[in-house]
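The values are calculated or read from the model by the stated rules, or taken from the named source; none is laboratory data. None of the values given here were measured: they were computed from a predicted structure. FYI the Cβ positions are ideal-geometry reconstructions off the backbone, even for glycines, and counts take in every protein chain you see.
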Amino acid sequence: MSEPLSSVETLKRESRGLRGTLRESLDDAVTGALRESDAQLLKFHGSYQQDDRDLREERRLQKLEPAYSFMIRTRLPGGVATPAQWLALDALATRYGNHTLRLTTRQAFQIHGILKQDLKPTIAAINQTLIDTIAACGDVNRNVMVSANPVESQAHAEVQADAIVLSEHLLPHTRAYHEIWLDEQQVVGADESEPVYGPTYLPRKFKTGFAIPPINDVDVFSQDLGFVAILEAGELVGYNLLAGGGMGTTHGDARTYPRLADVLGFIRKDQVIAAATAVLTAQRDHGNRSDRKLSRLKYTIDRLGVDAFKHEVELRIGEALQPARSFRFQHNGDRFGWIEGIDGRWHHTLRIESGRLRDSESIRGLSGLRAIAAEHRGDFRLTPNQNLIIANVAAEDRARIDALLVEHGLHEQLRGATFRRFALACVSLPTCTLAMAEAERYLPTLMDRVEALLTKHGLRDEPILLRVSGCPNGCSRPYLGEIALVGKAPGRYNLMLGADFEGRRLNRLHRENIDEVAILSELDALFARFAAEREGDEHFGDFVVRTGIVRAPQTIAAEVSA
Ligand code: SRM
Ligand code: SF4
């Protein structure tokens with residue numbers, strides 16, 4: 001590519017294995033911030049520099065620097081954590097963070113509000129729990145997602161194991177993390193070359209997810225790299241390999257768009273590492289390193305063409321992909337309440353609104369989970385929908401967990417209209433530096449108002465996917481919402497409609513840059529039509545497409561041939 005490289009490319013190349021001047025920046029007591037270049041590099045270590053946007057203007061007027069703090073994100077393949085790990089993260093969020101724990105849409109933990117001087121002790125303490133934050137952010141493979149289904153079958157355990165092996169395989173090799181945060185001594189002359197990534201890592205972030213049909217909770221078509229488990233007679237035989245999904249867009253830049261992954265073919269179970277490495281290195285070598293807006297794998301595939309990209313992947317694997325096997329998804333949500341696993345152990349999926357655990361008057365989420373973790377003998381699983389599974393519970397322990405849930409008000413989260421349990425909102429204000437409108441903080445009010453409309457039209461029990469993002473980056477995967485709000489400016493959103501209920505069809509822009517009054521008035525009219533004109537059990541997203549309210553969006557053709 002002849003265009004000049006983006007500045008981030010130079011930064012990566014000159015960073016001495018992602019070390020930069022992070023140590024000096026951390027030691028500088030004059031400011032609560034890092035040097036700009038170090039703030040970029042920090043992402044590769046699993047943390048983002050932020051400032052409290054609610055206070056920004058006031059501090060500017062007082063001629064104070066912004067109220068800087070840091071968000072830390074864990075790497076947690078498949079979202080599995082032990083009770084001891086839970087307790088440790090909770091303690092850190094309470095000691096150093098803003099007294100909340102955030103479960104993310106990629107099955108990880110985030111702790112917000114950490115001051116610069118506390119960054120190192122917090123990362124070191126997380127590491128002591130045998131969780132790390134390496135590559136949780138940055139131009140590398142991010143947290144690997146796995147269908148959060150409780151271990152109902154041997155196949156679930158096998159897929160989780162494959163994801164962990166892959167996550168480890170795709171970790172950067174530099175020892176920068178260990179030196180900066182864990183005080184490991186630098187070994188002079190040690191070989192720190194990056195066999196998978198090379199010296200400038202990837203052109204952009206790279207995301208991987210494993211889905212186990214019939215549940216598409218990981219929204220596998222939104223991942224750069226997707227694996228759809230193929231089971232025959234209950235045995236995991238391999239995976240369909242998907243590539244090129246992504247959500248992020250930029251308002252007003254038509255070159256950017258959300259895209260669903262293509263199904264490239266079928267691979268045997270023993271080819272996971274080879275296939276992942278092939279897709280990742282093809283992106284490494286062919287991705288756009290000049291314009292970061294166009295550097296995700298989805299654009300590389302569209303530039304090269306799907307067939308050419310597939311050929312490239314096959315060359316790198318060293319053999320042709322087999323034809324994709326048939327599979328079918330039923331939905332991309334979670335299943336709430338208790339479910340019995342094949343081994344007689346129980347799994348309880350809890351609704352956690354926006355994935356935020358805090359102690360409020362009505363719901364003492366943080367304390368409740370702390371009490372459960374103190375007694376729980378199984379594990380926890382963070383779901384891709386920001387919810388939580390209390391997993392592997394013995395039958396005799398169920399009653400005690402139920403009692404703790406009630407005692408802390410956590411059972412309350414399933415109250416109200418059905419759509420509430422599927423709703424997703426990204427973090428947005430006040431911590432997200434890129435937010436244009438509220439998301440997480442707006443969701444409770446929005447849901448109350450939408451519930452009133454649904455009730456008015458007799459649709460209270462309708463499972464409708466509502467997703468809200470504070471900007472077009474799409475961290476709540478809004479382009480896969482049957483109804484989605486994508487932030488444009490304070491109090492103003494693009495209203496998107498028409499995704500399906502399985503994560504196989506993108507929605508479309510319905511109304512641009514409208515305020516709440518207009519949003520609710522649109523929804524009121526649409527719900528009235530839906531109640532009157534729907535066919536059978538038709539989902540809302542399918543209804544708006546069938547009736548031409550929105551133009552039929554892209555559907556995954558290759559998905560179901562069963
Ligand atoms: Fe995201 C950037 C939060 C999942 C697409 N995302 C951010 C940052 C770090 C803002 C920033 O760069 O300064 C946000 C931090 C907010 C905060 O205060 O915590 C942020 N993203 C999140 C989380 C916490 C949202 C949530 O509510 O759970 C999710 C953390 C996942 C994790 O554990 O790793 C999160 N982000 C996603 C997803 C969904 C997914 O991956 O399944 C997407 C869409 C999928 C995709 O990547 O295409 C997503 N985030 C983005 C983008 C747009 C990328 C693009 O291709 O254009 C950005 C901005 C960027 O990279 O430039 C972004
Ligand atoms: Fe921030 Fe935008 Fe992501 Fe929301 S969608 S967390 S506002 S980057």
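Only residues that are in a loop (DSSP other than H, G, I, E, B), more than 10 Å from ligand 1 (Cβ to nearest atom) and touching a helix residue (DSSP H, G or I) at 6+ places or on another chain (Cβ under 7 Å) were counted across region 235-263, and they come to 5.
Return the residue satisfying two criteria in turn: it lies in region 350-393 and is within 25 Å of residue 477 (Cα to Cα) and without any contact (Cβ under 8 Å) to a residue 60 or more places away in the chain, and of such residues it is surrounded by the fewest Cβ atoms within 10 Å (Cβ to Cβ). Per the criteria, the residue is 365. Could you tell me whether any residue of region 271-288 is within 20 Å of residue 481 (Cβ to Cβ) and either outside any strand (DSSP E or B) or in contact with a helix residue (DSSP H, G or I) (Cβ under 8 Å, 6 or more places away or on another chain) (or both)? Scanning region 271-288, I find no residue that is within 20 Å of residue 481 (Cβ to Cβ) and either outside any strand (DSSP E or B) or in contact with a helix residue (DSSP H, G or I) (Cβ under 8 Å, 6 or more places away or on another chain) (or both), so the answer is no. Tell me yes or no: at least one residue of region 187-205 is at pLDDT 95 or above, within 16 Å of ligand 1 (Cβ to nearest atom) and in contact with a strand residue (DSSP E or B) (Cβ under 9 Å, 6 or more places away or on another chain). Among the residues of region 187-205, at least one is at pLDDT 95 or above, within 16 Å of ligand 1 (Cβ to nearest atom) and in contact with a strand residue (DSSP E or B) (Cβ under 9 Å, 6 or more places away or on another chain), which makes the answer yes. In region 59-68 there is at least one residue that is part of a strand (DSSP E or B) and out of contact with any Pro (no Cβ under 9 Å at 6 or more places or on another chain).
Of everything listed in (1) of a type in the set (Ser, Thr, Tyr); (2) in a strand (DSSP E or B); (3) in contact with a helix residue (DSSP H, G or I) (Cβ under 7 Å, 6 or more places away or on another chain), the single unmet condition for residue 349 is (3).
Note on region 104-122: among residues that are within 24 Å of residue 165 (Cβ to Cβ) and of a type outside the set (Phe, Trp, Tyr), the one that is surrounded by the fewest Cβ atoms within 10 Å (Cβ to Cβ) is 104. Hey, among the residues in region 486-502 that are surrounded by 24 or more Cβ atoms within 10 Å (Cβ to Cβ) and farther than 28 Å from residue 213 by Cα, which one's farthest from ligand 2 (Cβ to nearest atom)? So the residue we want is 493. Against the conditions (1) away from ligand 2 (no atom under 16 Å from the Cβ); (2) farther than 25 Å from residue 25 by Cα; (3) surrounded by 24 or more Cβ atoms within 10 Å (Cβ to Cβ), residue 181 satisfies every one except (2). Scanning region 230-248 for residues that are surrounded by fewer than 23 Cβ atoms within 10 Å (Cβ to Cβ) and within 23 Å of residue 282 (Cα to Cα) returns 238, 248.
Of all residues in region 48-68, those satisfying the criterion of being within 10 Å of ligand 1 (Cβ to nearest atom) and either surrounded by fewer than 14 Cβ atoms within 10 Å (Cβ to Cβ) or under 23 Å from residue 131 (Cβ atoms) (or both) are 48, 49, 50. When 165, 159, 146 are screened for being among the β-branched types (Val, Ile, Thr), out of contact with any Asp or Glu (no Cβ under 9 Å at 6 or more places or on another chain) and either more than 24 Å from residue 225 (Cβ to Cβ) or surrounded by 23 or more Cβ atoms within 10 Å (Cβ to Cβ) (or both), only 159 passes. Determine the pairs where a residue that is in contact (Cβ under 8 Å) with a residue 24 or more places away in the chain and farther than 19 Å from residue 224 by Cα, located within region 471-485, has a partner that is more than 7 Å from ligand 2 (Cβ to nearest atom) and among the basic types (Lys, Arg) with Cβ atoms under 8 Å apart, the partner being 6 or more residues away or on another chain. As it stands, the answer is 483/467; 485/467, since those pairs meet every condition given. Can you spot a residue in region 414-426 that is surrounded by 21 or more Cβ atoms within 10 Å (Cβ to Cβ), within 16 Å of ligand 2 (Cβ to nearest atom) and part of a loop (DSSP other than H, G, I, E, B)? Yes, because at least one residue in region 414-426 is surrounded by 21 or more Cβ atoms within 10 Å (Cβ to Cβ), within 16 Å of ligand 2 (Cβ to nearest atom) and part of a loop (DSSP other than H, G, I, E, B).
The condition of being within 11 Å of ligand 2 (Cβ to nearest atom) and among the acidic types (Asp, Glu) holds for only one of 462, 438, that being 438.
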